[in-house]
Amino acid sequence: MAKLNVNGRVVEFTVEDDTPLLWVLREHLDLTGTKYGCGISACGACTVHVDGVAMRSCSQPVSAFNEGQKIVTIEGLSPDSSHPIQQAWLALDVPQCGFCQSGMIMAAAALLAVTPRPTEAQIREEVTNICRCGTYNRVIAGIQRAAGTTGAAG
Amino acid sequence: MNAISRRSALALGAFTFAFRIPAPGEAAAQTAATPEVNAWVVVKPDDTVIIRIARSEMGQGTLTGLAQMVAEELECDWSKVTTEYPTPGQNLARGRIWGNMSTGGSRGIRESQEYVRKGGAAARIMLVQAAAAAWGVPAAECSAANSVITHRASGRTTSYGAVALAAGRLTPPAAADVPLKPPSAWKLIGQPVARLDTAPKLNGSQIYGMDLKLPGMLNAAIHACPVFGGTVTAVDSTAALRMPGVKRVLRVGDNAVAVVADTWWRAQKALEAVNITWNLGEHANASSAGFAEVMRAGLDAPQAAVGNRQGDAAAAIAAAPRRVEAVYGYPHQNHACMEVMNATAIWTPERCEVWTPTQNGEAAHAAAAEAAGLPPARCEVHKLHLGGGFGRRGAVHDWVRQVVDIAKQMPGTPIKMLWTREEDMLQGRFHPVTMAKMTAGLDAQGQVTGLHMRISGQSILAGIFPQNIRDGRDPVVFQGLNNAGGEADIGYGFPALLVDHAMRNPHVPPGFWRGVNLNQNAFYLECFMDELAHAAGKDPLEFRRALMANHPKHLGVLNAVAERAGWGTPAAPVGGQAVHRGLCVTHGFGAYVAACAEVSVSNAGELKIHRIIAATDCGFAVNPQQIAAQVEGSFVYGLTAALYGECTVKDGRIEQTNFDTYPMMKMDTMPKVETIIAPTGGFWGGVGEPTIAVAAPAVLNAIFAATGKRIRQLPLRDADLRHA
């Protein structure tokens, strides 16, 4: 029986040790907002927060985590989509198909948690998620809006 | 968790065939309780308007755009609009009342605009009639606005919700008797309204195909022969069957093996433990290099299908004092939708149901029925939200056949099948591979005397709809090169022109890949136009303009980007590096598009794309902010293809298996994009695809301006860009 702290709740489940955190979230905890995209930590669709840090959950075995760590998924980012990133995304209609956006939002929120006013260069460097629809420019604008740096040089 | 448990309850209903699974925008499944006004419109007693959308939403915004068009004529309160998908089974049962469900070729809005507007207008007429009848007054004395009907003489009002039930009992007016507003009267069409489907994409509640969960569902992982045409000869599942959660190891068709387990992860782990023996078939030694030789021979083959012939190009070129020739090439590419192929199915001897993200519900339905061995009327497909489509989820439904084949071997059990990224890369339906030999004559003044464009290589239709090939001619090959037609026409009036195609098909299956054949055709033509301008010693813009007198709409978008960029004045250097510009213009999917790219290339050969200016003339612009999103996104898709996109074949199979070997453009290299939406009215052009095609040529022409180097083979990641 494994125990994790996910979105503020301690959850217990039985699973093989090498099961990636992603598949525990999706298949055992029914938290399907976190997506499978590549399985090799290349695309970021599976991004969650572990103690506030963005982490790609598809290639981390569940055995690498314990209930002392706070895991937050897109479903737990805010109770009502009120996180500044979610609000900015809504205002700018950032998502297209939306499939990568859970991971994109989690990566952006983690960036702001560490760097509340990132420069454009920092945003481009730090958020490395893949979006095939091509929302990148609205993602940048959304992060700047959430950070209150819209129009700032950088 | 509430959303998920509610979904599960709905899914249980779906399992018993009584319910529909929710469509996008959370509208869903309530319509069973509220009769429709007509096929397109349901109004609930609380005035909520549910607009039915037949095309699929895959990010391109068609859901919102089509709803705007219905609502424009319906005169309803836009703030109360939600949407739902009718199912392909319902469309079949009702004589295709919702028309074509195919969502490709940038046709969603332009092909259905008239009948969806008429659908909204007819519903409005019926609602007004119902109110007038209740009041005992002539309908002509009543008007409707913002979901409220007013009898002008008495000032009485009522709402759509109050009369919808009565309206639904009226006989719908004949389409011919339903007038439409002139464009000058539009209030909602043309407005940059917010998308209707954004909120659930912000908190993880949007259910994609991959996320579906049905009661009692098992999960399947699958692996098909990596060599196209190969088959399974033996399966040793001993080890796999001992692994946790595993229920069955199954053969699927003649070329694949699936493991069914309680969870997908366990199924996939067990699949890796299955020992499969393949018969790799006749293509086991095929390679990209080998096929390139086949295509190269086609460049000079005597036999070729003619796409566009104006005058005698060969004679005009032969008589010219100068001849310019260049050979270009475009590789295979995978769509690489962020959501890999997946579907869920349940099969019994009486009925089959499938849940899947699809660009064409009707094609998915046909594939499901065929695989199920059941009449279409006993099958149903529930369209789920797509995590990207780009053409992969449209014409061919190979994955639907697979899941039904699995479900058929386990009657009554819902099976969700999900591919790995690796499977998705290996089992793609690829952008066709082609080469082109461009030959032109220039006279003493540097004017083109004639141009011959010989395309050699793969035909999409030959692979997917071979019945549409006539005398070896695939008309889609000539996209953007046609003489006339309004769909995809060449923008230059050459004195003589020959465009022809020597069809050479490899064993790699082709697909319609966002932008389709316009991608390589614009690359070939527009980079060669730049070569000709250079050979003639002329400015690339002026050289083009001189040939565009009879193509004012092409010229309009080209002028728009040149003017915005400040063509003719030097671009400001960035970080000490000189910035150079390149142009491209084309016409496809009924829209005119152009781009001007601004790039710098360091002495060490490092490319930076700083800014792209893009212009679109799509005739009528329904939602400008969504058009801008499509144009911006097109540069990600198009530049990813130009910079990195290549699937190569070795030993009969695709070599690139994931994003580590098939890289994607990310934010660090994404240029700024300035979009000019310049609709000139009078026609309906598509938006989702045409701009893809101008991305690569504009950048490549700018690279030439910066370095003097011509890139004639994509992708350019392996090119040495150090200054010539």
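The values are calculated or read from the model by the stated rules, or taken from the named source; none is laboratory data. Remember, it's a predicted structure, so these values are computed and weren't measured experimentally. When we count neighbours, we look across all protein chains shown, and the Cβ atoms used for this are built from the backbone with ideal geometry, even at glycine.
The table below gives the values:
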{"read-out": "Exclusive hit being of a type in the set (D, E, K, R), within 14 Å of another protein chain (Cβ to nearest Cβ) and surrounded by fewer than 24 Cβ atoms within 10 Å (Cβ to Cβ), set B:Arg454, B:Arg421, B:Arg429", "value": "B:Arg421"}
{"read-out": "Residues (part of a strand (DSSP E or B) and touching a Gly at 6+ places or on another chain (Cβ under 6 Å)) located in the range B:431-469", "value": "B:Thr434, B:Met435, B:Gly441, B:Thr449, B:Gly450, B:Ser456"}
{"read-out": "Candidates B:Gly168, B:Gly104, filtered to the one that is surrounded by 19 or more Cβ atoms within 10 Å (Cβ to Cβ), under 26 Å from B:Gly686 (Cα atoms) and assigned by TED's automatic domain parsing to the domain that holds B:Glu36", "value": "B:Gly104"}
{"read-out": "Tally, over the range B:317-352, of residues that are more than 30 Å from B:Gly373 (Cα to Cα) and over 23 Å from the mean Cα position of the chain (by Cα)", "value": "12"}
{"read-out": "B:Ala167 touching a Leu at 6+ places or on another chain (Cβ under 8 Å), over 30 Å from A:Leu92 (Cβ atoms) and not in a strand (DSSP E or B)", "value": "yes"}
{"read-out": "Residue check, B:Ala240 out of contact with any Pro (no Cβ under 7 Å at 6 or more places or on another chain), surrounded by 20 or more Cβ atoms within 10 Å (Cβ to Cβ) and either free of Cβ contacts under 8 Å to residues at least 60 places away in the same chain or among the acidic types (Asp, Glu) (or both)", "value": "yes"}
{"read-out": "Filter result (within 14 Å of chain A (Cβ to nearest Cβ), farther than 20 Å from A:Met104 by Cα and assigned to a loop (DSSP other than H, G, I, E, B)) within the range B:197-229", "value": "B:Leu212, B:Lys213, B:Leu214, B:Pro215, B:Met217"}
{"read-out": "Inter-residue pairs, beta-carbon under 9 Å, first farther than 11 Å from B:Met338 by Cβ and at pLDDT 95 or above and in the range A:40-51, second part of a loop (DSSP other than H, G, I, E, B) and of a type in the set (Asp, Glu), 6+ apart", "value": "A:Ile40/B:Asp660; A:Ala42/B:Asp660"}
{"read-out": "Single match in B:Ile415, B:Ile464 (criterion: surrounded by 23 or more Cβ atoms within 10 Å (Cβ to Cβ), out of contact with any Pro (no Cβ under 6 Å at 6 or more places or on another chain) and either more than 25 Å from B:Ala536 (Cβ to Cβ) or not aliphatic (A, V, I, L, M) (or both))", "value": "B:Ile415"}
{"read-out": "Which listed residue, of B:Ala258, B:Ala273, B:Ala240, B:Ala289, is away from chain A (no Cβ under 12 Å) and under 30 Å from B:Ile455 (Cβ atoms)", "value": "B:Ala289"}
{"read-out": "Lone qualifier among A:Gly134, A:Gly103 - being at the interface with chain B (Cβ under 10 Å from one of its Cβ atoms), crowded, with 18+ Cβ neighbours inside 10 Å and either closer than 20 Å to A:Met55 by Cβ or touching a Pro at 6+ places or on another chain (Cβ under 7 Å) (or both)", "value": "A:Gly103"}
{"read-out": "Residue match in the range B:342-353 (condition: touching a residue at least 60 places away in the same chain (Cβ under 8 Å), aromatic (Phe, Trp, Tyr) and within 14 Å of chain A (Cβ to nearest Cβ))", "value": "no"}
{"read-out": "Where A:Ala54 falls short, out of the listed (1) in a helix (DSSP H, G or I); (2) under 15 Å from the mean Cα position of the chain (by Cα); (3) away from every other protein chain (no Cβ under 12 Å)", "value": "(1)"}
